[in-house]
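Note sheet for the following structure.
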Amino acid sequence: MSASAAEKIPAGVASGGQLLHVAPDAELYSDGAESVSFYKVVSGLVRTCKFRSDGRRQIDAFYLPGDAFGFEDGGRHRLSAEAVCEAYVVAYRWRGSEAMSPADAALAPQLLSLALQGMRRAQDHALLLGRRSASQKVAAFLTDMIDRSVNDDVVELAMSRQDIADYLGLTIETVSRTLSQLERDEMIALPSARRVRVQDRLGLRHLSS
């Protein structure tokens with residue numbers, strides 16, 4: 001664990017948790033595994049996904065620093081969680097109410113807020129996969145990444161084009177064509193495959209809606 005990673009742990013939220021290092025594409029937990037912890041991203045990017053019987057992958061969500069995930073209403077995980085790139089996450093073990101400390105009680109409202117935030121994103125994703133064109137889906141994805149980015153003008157995409165395609169229910173070829181079209185329309189610029197510079201924020205947001 002590097003000192004810089006440890007310094008990024010949010011004060012208070014990390015108390016009682018265990019800092020974990022997850023290598024790129026390594027699995028944090030698998031679909032069907034016993035749910036004994038929930039997690040919060042410190043650095044890097046985590047994806048949750050499900051593999052279908054035909055081998056296809058559906059990405060459910062991307063989690064950035066500050067996001068929490070792994071909340072389950074049953075005893076087992078319904079998705080797999082993997083690091084997209086090198087990531088540090090804090091794992092918090094579930095404890096019964098009889099073992100709850102005053103610090104746990106003080107943290108409960110924040111955990112509820114994080115869980116509800118994840119639920120809202122899941123609902124937004126379900127709507128995103130509905131009857132929308134490829135350009136609307138990609139624009140909505142970029143708009144979401146912009147809203148969650150620390151930089152208002154440039155988005156660094158840690159995920160691959162295939163990740164984006166599996167998240168949006170599109171092919172990688174469609175994602176690449178749509179990004180190129182958005183660049184030709186001067187809504188975005190693509191200095192590199194993983195960097196997106198926003199040129200027409202209002203136009204992108206209007207297209208996404």
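When residues of segment 57-68 are filtered for being in contact with a helix residue (DSSP H, G or I) (Cβ under 8 Å, 6 or more places away or on another chain) and open to solvent by 20 Å² or more (accessible area, probe 1.4 Å), how many remain?
Number of matching residues: 4.
Scanning segment 150-159 for residues that are closer than 18 Å to LEU179 by Cβ and without any contact (Cβ under 8 Å) to a residue 60 or more places away in the chain gives ASP153, VAL154, VAL155, GLU156, LEU157. Taking the criterion of being assigned to a helix (DSSP H, G or I), open to solvent by 20 Å² or more (accessible area, probe 1.4 Å) and either more than 18 Å from ALA140 (Cβ to Cβ) or in contact (Cβ under 8 Å) with a residue 60 or more places away in the chain (or both), the residues of segment 183-209 that qualify are ARG184, ARG205, LEU207. When each of LEU128, LEU112 is tested for being closer than 24 Å to GLY70 by Cβ, open to solvent by less than 40 Å² (accessible area, probe 1.4 Å), of a type outside the set (D, E, K, R) and at pLDDT below 70, the lone residue that passes is LEU128.
Would you mind stating whether ALA134 is modelled with pLDDT of 85 or more and of a type outside the set (Asp, Glu)?
Numbers: modelled with pLDDT of 85 or more: yes; of a type outside the set (Asp, Glu): yes.
Yes.
In segment 146-182, the qualifying residues are those that are open to solvent by 70 Å² or more (accessible area, probe 1.4 Å), of a type in the set (Asp, Glu) and assigned to a helix (DSSP H, G or I), and the one that is modelled with the lowest pLDDT is ASP147.
One residue stands out among those in segment 15-46 that are farther than 18 Å from SER160 by Cα, of a type in the set (D, E, K, R) and assigned to a strand (DSSP E or B): the one that is modelled with the lowest pLDDT, which is LYS40. Pairs, please: C-beta under 8 Å, at least 6 apart or cross-chain, first residue within 30 Å of ARG184 (Cα to Cα) and without any contact (Cβ under 8 Å) to a residue 24 or more places away in the chain and in segment 117-137, second of a type in the set (Gly, Ala, Ser) and assigned to a helix (DSSP H, G or I)? So the pair list comes out as ARG132/ALA140.
The values are calculated or read from the model by the stated rules, or taken from the named source; none is laboratory data. Every value quoted in this text rests on a predicted model; they were computed, and no experiment measured them. Quick reminder, even Gly has a Cβ in these numbers, built from the backbone with ideal geometry, and neighbours come from all protein chains shown. Only protein heavy atoms, including side chains, enter the accessible area calculation; ligands, DNA and RNA are left aside. Shrake-Rupley method; radii C 1.70, N 1.55, O 1.52, S 1.80 Å.
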